[in-house]
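Working notes, structure below.
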Amino acid sequence: YHFKLPGANGSNNINYQWGENQKIVASFKATYFGSTGAIWGFETQAASIYTLNHAAGHSAVFEWDGANSKLYARTSDGSTATRTDISSGLTISNWNRYRIEVNPGVNVLFYVNGTLKATHTTNLPSTSVVYFGAGLDTSGRWNYMTAPIISIEE
């Protein structure tokens, strides 16, 4: 498995590799003030992060649906997605701590402020290359995010 951090214009500047039985974890704080959409998380296509076109790839993301004022935990295997509403009790414009744990082929766990909000066991990203990033709708450029802490664990 490989993990990439996209650089300027989607170039691949950092490439991590991990074994099949290891999970990858991303932890970060974020806030959002726009009226449209945003995502934070893992995606198999760097361009999909920037354009919110995560339906085109394999993903494990937090997805803010500004049109409906809901936060979702979302996984996709490239053709089918699982989307869980995790909005209850959250104010997306506050700083919240987000954590995604990807256990390849097993599950993806989504935490907000230390509380497990969703566990996905279907439609998991089934690829060995993922990027981490944030993306926004073109009209909603009000996303703030701290530097993510990304780890590979056994």
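The values are calculated or read from the model by the stated rules, or taken from the named source; none is laboratory data. Just so we're clear, the structure is a prediction, and the values are computed from it rather than from any experiment. Every residue, glycine among them, receives a Cβ derived from its backbone with ideal geometry; neighbour counts consider all protein chains shown. Surface accessibility is based on the protein's heavy atoms, side chains included, excluding ligands, DNA and RNA. Shrake-Rupley method; radii C 1.70, N 1.55, O 1.52, S 1.80 Å.
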Round to the nearest 10 and report in Å² the accessible area of SER126, as given by a 1.4 Å probe over the protein chains' heavy atoms.
90 Å²
What spacing in nm lies between the two simple spin-label points modelled at LEU116 and SER151, each 7 Å away from Cα in the Cβ direction?
1.8 nm
Sorting PHE33, PHE132 by accessible area (1.4 Å probe), largest first, what list results?
PHE33, PHE132
Please work out how much accessible surface LYS117 shows to a 1.4 Å probe, ignoring ligands, DNA and RNA, in Å² rounded to 10.
70 Å²
The set of residues whose placed amide H lies less than 5 Å from the amide H of GLY66, leaving out same-chain residues fewer than 5 positions away, is GLY37, ALA38
Output wanted: per-residue J couplings in Hz (rounded whole) for the range 102-111, from phi through Karplus 6.51 cos²θ - 1.76 cosθ + 1.60, θ = phi - 60°, x for Gly and Pro.
9, 9, x, x, 10, 6, 10, 10, 10, 10
For LYS29, list long-range residues whose amide hydrogen, built 1.01 Å from N in the peptide plane, is under 5 Å from its own amide hydrogen.
TYR98, THR146
Given a 1.4 Å probe and heavy atoms of the protein chains only, how would you sort TRP64, TRP95, TRP40, largest accessible area at the top?
TRP95, TRP64, TRP40
